[in-house]
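A quick write-up on the structure given underneath.
The values are calculated or read from the model by the stated rules, or taken from the named source; none is laboratory data. None of the values given here were measured: they were computed from a predicted structure. Here the Cβ positions follow ideal geometry from the backbone for every residue, glycine too, while neighbour counts run over all protein chains shown. SASA here: full protein model, heavy atoms, side chains in, ligands and nucleic acids out. Shrake-Rupley method; radii C 1.70, N 1.55, O 1.52, S 1.80 Å.
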Amino acid sequence: MTQENSSVRTAGALKDTLGRPLANLRLSVTDRCNLRCQYCMPLEDYTWLPREELLTFEEINSLVEVFTGLGVSRIRLTGGEPLLRRDLPTLIHMLAANSGVKDLALTTNGTLLSEQAAALRAAGLGRLTISLDTLQPERFRALVRQDMHADVLRGIRAAQDAGFRGTKIDAVVIRGFNDDELADLIEFGHEQNAEVRFIEYMDVPGATQWSLKNIVSQAEMLATLERSHGPIAACASDSSAPASRFLLSDGTVFGVIASTTAPFCGRCDRSRLTADGIWYRCLYAMAGTDLRRLLRSAAPPDEIAARIADLIGSVWRVRADRGAEQRKANHARSAFVPLDALQRDPHFEMHTRGG
Ligand code: SAM
């Protein structure tokens, strides 16, 4: 399958019913994770995707070629924990060779990064986002149920040493857990040449312990930081980026992803592909589109590519999803998906859909 496929080539800029382009694809390369963050994967064990259903690197690359032919230019590898996928640099090398991919990034918990950063960089990975919610090893252990805080710090340093620039450090802020570390995290990011972004605690699928009272809103975070750092100015931001960026008076920039109190559905250009080839046009979508079945059907590669492009186009053109806004409007909200539904179908999980 190649980008020269005619159906793919002529598709042009694909827009949904709200004029949002198909520009950004999150690729979950595995549903597995080595941490058990309480806000994401609080259980010990999960129903995992069957191994034979996981897409091979060649299959992922073929699908990405279709997506880039339809206008996707930004790819983010995620999971689960993407660095658990064996030989990931091989996939990165394939994706980096696709001229339609203008931005190739990866989100990781950082625990395995020190041993992989150089290979990821050499393979053509452009940018990294590293999740780190606390600077306190004890808190980290309580949150993720692993004693790996020092590994994450080593990973952050290794990213810098490997030549990654523009690294982001993402922290989910939870009331009573780490909301007293905002200034410390910004300072740490500054020391590491990384921009810190605070994420409001979201009721993503899988967040079974989520509750409104644990959210620290963007407004509250800014008020806290204004008390310690003085006036904060808003920066001009890339219109489709999830984070609003702010400037402290000492010149440090940080971001806030306010998906819970100020959702950005109106400019959401991202969709998600699971490791087994199910495509979701919204994090909160109740169902996805099975691309694996078509991909593995018996037909010449060009025909398969054309059929997949047609399917993606027909789904995106009628997309009207505003999942986070609808969740916000629900005042009696609790966890998005009940535990028994999650256990019946792992596709509801955040770690399957790709964070
Ligand atoms: N394992 C990788 C990592 O830890 O970054 C990638 C997958 S993880 C699901 C991607 C991001 O989703 C992480 O930054 C994580 O903190 C965030 N996340 C997971 N559950 C969340 C929740 N309930 N609210 C806000 N962010 C969440």
Checklist entry - In debye to the nearest 20, how big a dipole does segment 17-166 give about its Cα centre with +1 on each Lys and Arg Cβ and -1 on each Asp and Glu Cβ? => result 560 debye
Item to check | Difference of contour (0.36 nm per residue) and Cα-Cα distance, Glu303 to Ala234 | outcome: 20.0 nm
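Within 10 Å, count the other beta carbons around each residue, average over each peptide in 81-89, 268-276, 40-48, and list them highest first. Numbers along the way, then the final one.
Numbers: 81-89: 18.8, 268-276: 24.0, 40-48: 15.3.
Going by the mean number of other Cβ atoms within 10 Å, highest first, we get 268-276, 81-89, 40-48.
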Item to check | Amide N proximity, segment 24-38 versus Asp147 label position 7 Å along Cα-to-Cβ, cut-off under 17 Å | outcome: 35-36
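Carbon-plus-sulfur fraction of the accessible area of segment 23-172, 1.4 Å probe, in percent? Show your work: numbers first, answer last.
Numbers: 2750 of 5630 Å².
Accessible surface attributable to carbon and sulfur in segment 23-172 totals 49 percent.
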Next on the checklist: Let's test this: bin the Cα-Cα distances of segment 30-167 at 5 Å from zero up to the farthest pair and state each bin's percent.
Outcome noted: 2, 10, 19, 21, 18, 16, 10, 4, 1, 0
Next on the checklist: Please list, in order along segment 76-87, the HN-Hα scalar couplings obtained from phi with the Karplus expression 6.51 cos²θ - 1.76 cosθ + 1.60 (θ = phi - 60°), rounded to whole Hz, x for Gly and Pro.
Outcome noted: 10, 7, 8, x, x, 9, x, 6, 7, 6, 5, 6
Checklist entry - From the Cα gyration tensor of segment 22-95, with a ≥ b ≥ c the square roots of its eigenvalues, which class applies: rounded if a/c is under 1.5, or else prolate if a/b is larger than b/c, or else oblate? => result prolate
Checklist entry - Under a point-charge model restricted to the Cβ atoms of Lys and Arg (+1) and Asp and Glu (-1), what is the dipole moment magnitude of segment 233-355 relative to its Cα centre, in debye to the nearest 20? => result 240 debye
Checklist entry - Lys/Arg Cβ at +1, Asp/Glu Cβ at -1, dipole of the chain taken about the Cα centre: which of Ala299, Ile156, Val64 is farthest positive-ward? => result Ala299
Checklist entry - Tell me, what is the per residue accessible area of segment 301-355 in Å², probe radius 1.4 Å? => result 48 Å²
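State in Å² the accessible area per residue of segment 17-162; use a 1.4 Å probe, count heavy atoms of protein chains only, and round to the nearest integer. Spell out each step's value before the answer.
Values: 5590 Å² over 146 residues.
Value returned for segment 17-162: 38 Å² of accessible area per residue.
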Checklist entry - Solvent-accessible area per residue for segment 182-275 at a 1.4 Å probe radius, Å²? => result 39 Å²
Checklist entry - So which residue, out of Ala117, Ala105, Ala287, gets the largest mean-square fluctuation from a GNM of the chain using Cα contacts under 10 Å as springs? => result Ala287
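Just the number, please: carbon plus sulfur as a percent of the accessible area of segment 292-338, 1.4 Å probe, no ligands or DNA/RNA counted. Don't jump to the answer; show the numbers that get you there.
Numbers: 1400 of 2560 Å².
So the carbon and sulfur contribution to the accessible surface is 55 percent.
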Checklist outcome for this item: Free-by-geometry Cys in the chain, Cβ-Cβ under 4.7 Å as pairing rule, reported as Cys33, Cys235, Cys265, Cys268, Cys282
Checklist entry - Expressed as a whole percent, how much of the Cα-Cα distance distribution for the chain exceeds 29 Å? => result 38 percent
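What Kirkwood hydrodynamic radius do you get for segment 171-266 when you take the inverse of the mean 1/r over all pairs of distinct Cα atoms, in Å? Please list the in-between numbers first.
Details: mean 1/r = 0.0724 Å⁻¹.
By the Kirkwood definition, the hydrodynamic radius is 13.8 Å.
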Item to check | Partners for Lys328 among lysines (Cα-Cα distance below 24 Å; same-chain residues under 8 apart left out) | outcome: Lys213
Checklist entry - For the chain, what is the charge dipole size about the Cα centre, in debye to the nearest 20, if Lys and Arg each add +1 at the Cβ and Asp and Glu each add -1 at the Cβ? => result 780 debye
